[in-house]
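J.: First the structure, then my questions, so here it is.
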Amino acid sequence: MLINELLDMEKLIAGKMAFECQVQSVLPLVQQALTENASYADKYSVKYVLTDASGGALIYVDGFRLQQVLNNFLSNAAKYSPPNAFVDIDITIKGEWLRMSVFDHGAGITDEFKSRIFQKFSQADSSDSRQKGGTGLGLAISKELVERMGGRIGFDTKLGEGT
């Protein structure tokens, strides 16, 4: 996994990653990511809950790369949620934008770490985060992918309530 993520990051930085964007329905893409991540959520005793208010919206994306982003967000949300929690996935329309949100109910992100969340090799320093594993590349890659497909990425968080 580390080698693949390093290779993806290198291709993104060099501008050599190919994107095959096309118009696609958003709901099946999200449903596929949920299916692919169901066993990962089970590992953490977490359930994904999807709310689709997109009205069958179409988006212009590289489906494979969007799956990569969704897989990262879904796995992080499951990993950092308490057992028996729900991870809420919302698809909404905000003006001319389609918003896909993944909400966990974990510990949240500290103020000290917020500015580094999308940097390469960034991981929160708490022992709980270190025990969860990961390369620290997933969010940096996700940010690059989303922005290269013309989107925006961000997060909201509250300590003790989730992200």
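J.: Between ARG99 and GLN119, what is 0.36 nm times their sequence separation minus the Cα-Cα distance? Round to one decimal in nm.
T.: Details: separation 20, 0.36 × 20 = 7.20 nm, distance 2.21 nm.
Extra length available between ARG99 and GLN119 comes to 5.0 nm.
J.: For each pair in LYS79/LYS158; LYS94/LYS114; LYS47/LYS79; LYS114/LYS158, compute the distance between the two Cα atoms and list the pairs where it is over 22 Å. Show your work: numbers first, answer last.
T.: Numbers: LYS79/LYS158 17 Å; LYS94/LYS114 24 Å; LYS47/LYS79 12 Å; LYS114/LYS158 11 Å.
In this structure, LYS94/LYS114 exceed 22 Å between Cα atoms.
J.: Still on this structure, please answer the following. Excluding VAL49 itself, calculate the net charge of residues whose Cβ lies under 12 Å from the Cβ of VAL49, where each Lys or Arg counts +1 and each Asp or Glu counts -1. Please report the intermediate quantities before stating the final value.
T.: Working: positive: LYS47; negative: ASP52, ASP88, ASP90, ASP104.
Within the 12 Å Cβ shell, the charges total -3.
J.: If you add up the charges near LEU29, with Lys and Arg at +1 and Asp and Glu at -1, over every other residue whose beta carbon is less than 12 angstrom from its beta carbon, what do you get?
T.: Working: positive: ARG65; negative: GLU36, ASP52, ASP62.
Overall, the nearby charge balance is -2.
J.: Turning to a different aspect of this structure: Once label points are set 7 Å from the Cα along Cα→Cβ at both GLU147 and THR92, what is their separation, rounded to one decimal in nm?
T.: Here the modelled spin labels are 2.5 nm apart.
J.: Among the aspartates and glutamates, select those whose C-alpha is under 18 Å from the C-alpha of LYS11, and discard any that sit fewer than 8 residues away in the same chain.
T.: Straight-line reach from LYS11, under 18 Å: GLU20, ASP62, GLU144, GLU147.
J.: Residues of segment 56-75 with the amide nitrogen closer than 15 Å to a label point 7 Å from the Cα of CYS21, along Cα-to-Cβ, please.
T.: Within reach of a label on CYS21: 58-67.
Every number here is computed from the coordinates shown, using simple stated rules; none is lab data. What you see is a predicted model, and the numbers here were worked out from it, not measured in a lab. Heads up, the Cβs are rebuilt from the backbone with ideal geometry, glycines too, and the neighbour counts pull from every protein chain shown.
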